[in-house]
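Heads up, the thing below is written out as C-alpha cells.
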Amino acid sequence: MSQKALFLKSKQATFELGSKEIPKPGPGEVLVKNYAAALNPVDWKIQAYGLFLDESRYPVVLGSDTAGVVEEVGAGVARVSKGDRVTARGTFLTNNQAGFQQYTLTNSNFVAKLPDTITFDEAASLPVGVDTASIGLFGPKDGNLTFPDKLDTYKGQTIFILGGSSSVGHYTVQAARLAGFSTIITTSSLAHENNLKSLGATHVIDRHGSPDQIVARVKAITSDPIRIVYDAISEDDTQKTAWAVLAPGGHLVLTLPPSVRTATGDTRTLKSVHGSPFNPVNAEFCKRWWEKLPEWLAEGKIKPNKVDVLPGGLEGVSAGVERFKASKVSGVKLIVRPFEGP
Ligand SMILES: NC(=O)c1ccc[n+]([C@@H]2O[C@H](COP(=O)([O-])OP(=O)(O)OC[C@H]3O[C@@H](n4cnc5c(N)ncnc54)[C@H](OP(=O)(O)O)[C@@H]3O)[C@@H](O)[C@H]2O)c1
C-alpha cells in the first residue's frame, strides 16, 4: 500500500508531492495515520540552506510533529492501541519517521493519547516544542531541574524565559509552571501577554529594545538571583540579555549554538539543547516525560499552541516555509493536513 509524501529530492530543491510505501511497525513501534503535521523552523532551514542532512540522505521527507490515529502497533507496545487519538514525535532523520506524509512510524515511548478537547491540528503543535522545553529544563545532561511531578519544587524562585510567544517558549512557560516557579518572567510582543499569563507567566515584558533595556525591565521586576534562564530564540541579542540576567552558579538553556563567551572562573553554565528524544542521551528522560504527558494534557496543565492551518494539504508546507523566511510566524504553529489537498 502506498501513501502521499512530500519530498525534497535534493539539497535546496523545492518540495514535491510523491508517493511511498506505508511502513509496518516493528517491535516497540507505532504507525500513526497523520491527520495533522506541524512545521518547524528547522524544516525551512534544511530546505533553504541544505543544513543538517548529507547529500546521501536525499530524497528526504521532512517534518517532526504529527497527530492522528494509531493505525497499527508493533510487538510489545502497551502504551497505545489501534484507534487511539494521539500526538506523536517524528524525525526527519529517517524517511519513515518523518511528518510530512500520511503515515509516520515512531517509537511508542514518544506517543501520547489525547483528550477529546484537543484537536489533531492543535496536537500536532506539541512534540518538538514540548521536547525542546522539557529536555532543556529537566534533562539530566541539560538544565537538570527536578522532574516536575511534585508540587512546588521551585516555590519562591524565579525563571526568565526569552521568547514566550514562540512555540518552544510557550511550552517552556508551562513547564516552568509545572515545576512550581513562583515568578515566571518572559519576553514577548505584548499582543501575546494575556495568552502567556493564562499559561503561567507572571510577568510579560516587551521583547523589543536593546539587551540593556530588556535587562533593566527584568531588574525592575525582581532583584532575586535568577539561576535558570531559557532562551527560546537564541539570537545574538537575546543571548546577551539572557547571560546578563543569569546569576552566579546559574544555567542558561539555548535553542541555537552559543554566541556568548564564558570567562575563566565564571560559575555559570550554558548549553544548547538538542530537543530530540531519538538522541540516546535524552531517551530515558523523554520516555518518562511522554508517559506523564496524557495526564497533563487531560488536566489542562499543558495546552497546545494556537495554530494556523495552511491550505493545500502537504503542499501547504511550501507556503509555510515562505512565512518562516519572512519572519511572519507570530504566536502560532503552522499546520498542514496530509489527507487534504491534491
Ligand atoms: N535545539 C533544538 O532542538 C530546537 C528545537 C526546536 C526549535 N529550535 C530553534 O528554536 C527557535 C524557536 O523555535 P520555535 O519553533 O519556537 O519558533 P517560532 O514559534 O517560529 O518563533 C516565532 C516567535 O518568536 C518570537 N520572537 C522572535 N524574535 C524574538 C525576540 N528577539 N525576542 C522574543 N521573541 C521573539 C516571535 O515573536 P513576535 O510575534 O513578536 O515576532 C514569534 O512569536 C528557532 O530558532 C528554532 O530553530 C531548536
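The values are calculated or read from the model by the stated rules, or taken from the named source; none is laboratory data. Since we're looking at a predicted model, the values are computed, not measured. Quick reminder, even Gly has a Cβ in these numbers, built from the backbone with ideal geometry, and neighbours come from all protein chains shown. Heads up: the accessible areas ignore ligands, DNA and RNA and are worked out on the full protein's heavy atoms, side chains in. Shrake-Rupley method; radii C 1.70, N 1.55, O 1.52, S 1.80 Å.
When residues in region 174-188 are screened for being open to solvent by 30 Å² or more (accessible area, probe 1.4 Å) and either part of a loop (DSSP other than H, G, I, E, B) or free of Cβ contacts under 8 Å to residues at least 40 places away in the same chain (or both), 1 of them pass. Among the residues making up region 318-338, those that are of a type in the set (Gly, Ala, Ser), in contact with a Ser or Thr (Cβ under 8 Å, 6 or more places away or on another chain) and near the ligand (Cβ under 10 Å from one of its atoms) are 330, 331. Taking only pairs six or more apart or across chains, which ones have beta-carbon atoms under 7 Å, a first residue in region 325-342 that is over 23 Å from residue 199 (Cα atoms) and open to solvent by 20 Å² or more (accessible area, probe 1.4 Å), and a second residue that is of a type in the set (S, T, N, Q) and more than 7 Å from the ligand (Cβ to nearest atom)? Going by the 7 Å Cβ cut-off, the qualifying pairs are 339/102.
Among the residues of region 129-173, those identified as assigned to a helix (DSSP H, G or I) and of a type in the set (S, T, N, Q) are 132, 134, 167, 172. Within region 262-315, which residues are among the charged types (D, E, K, R), outside any loop (DSSP other than H, G, I, E, B) and within 16 Å of the ligand (Cβ to nearest atom)? Hits for region 262-315 are 271, 308. Only one of the numbered conditions (1) assigned by TED's automatic domain parsing to the domain that holds residue 24; (2) within 18 Å of the chain's Cα centre (by Cα) is not met by residue 83, and that is (2). In region 107-128, the residue that is most open to solvent (accessible area, probe 1.4 Å) out of those that are outside any loop (DSSP other than H, G, I, E, B) and in contact with a Lys or Arg (Cβ under 6 Å, 6 or more places away or on another chain) is 109. Can you tell me which residue within region 59-99, out of those that are of a type in the set (D, E, K, R), touching a helix residue (DSSP H, G or I) at 6+ places or on another chain (Cβ under 8 Å) and part of a strand (DSSP E or B), is most open to solvent (accessible area, probe 1.4 Å)? Per the stated criteria, the residue is 85. Hey, does region 120-129 have a residue that's within 16 Å of the ligand (Cβ to nearest atom), under 19 Å from the mean Cα position of the chain (by Cα) and of a type in the set (Phe, Trp, Tyr)? No, every residue in region 120-129 fails to be within 16 Å of the ligand (Cβ to nearest atom), under 19 Å from the mean Cα position of the chain (by Cα) and of a type in the set (Phe, Trp, Tyr). When we screen 143, 169, 136 for residues that are within 15 Å of the ligand (Cβ to nearest atom) and more than 30 Å from residue 85 (Cα to Cα), the only hit is 143. Surrounded by 16 or more Cβ atoms within 10 Å (Cβ to Cβ), within 14 Å of the ligand (Cβ to nearest atom) and either of a type outside the set (Gly, Ala, Ser) or farther than 17 Å from residue 37 by Cβ (or both): is that true of residue 257 in this structure? No, not satisfied. Summed over region 198-256, the residues that are among the β-branched types (Val, Ile, Thr), outside any helix (DSSP H, G or I) and touching a residue at least 24 places away in the same chain (Cβ under 8 Å) give a count of 8. Inclusion of residue 219 among residues that are surrounded by fewer than 21 Cβ atoms within 10 Å (Cβ to Cβ), away from the ligand (no atom under 12 Å from the Cβ) and more than 25 Å from residue 122 (Cβ to Cβ) is warranted. Whenever a residue of region 275-292 is within 13 Å of residue 142 (Cα to Cα), its partners that are among the β-branched types (Val, Ile, Thr) and in a loop (DSSP other than H, G, I, E, B), lying with C-beta atoms within less than 8 angstrom and at least six residues away or across chains, give the pairs 275/255; 276/91.
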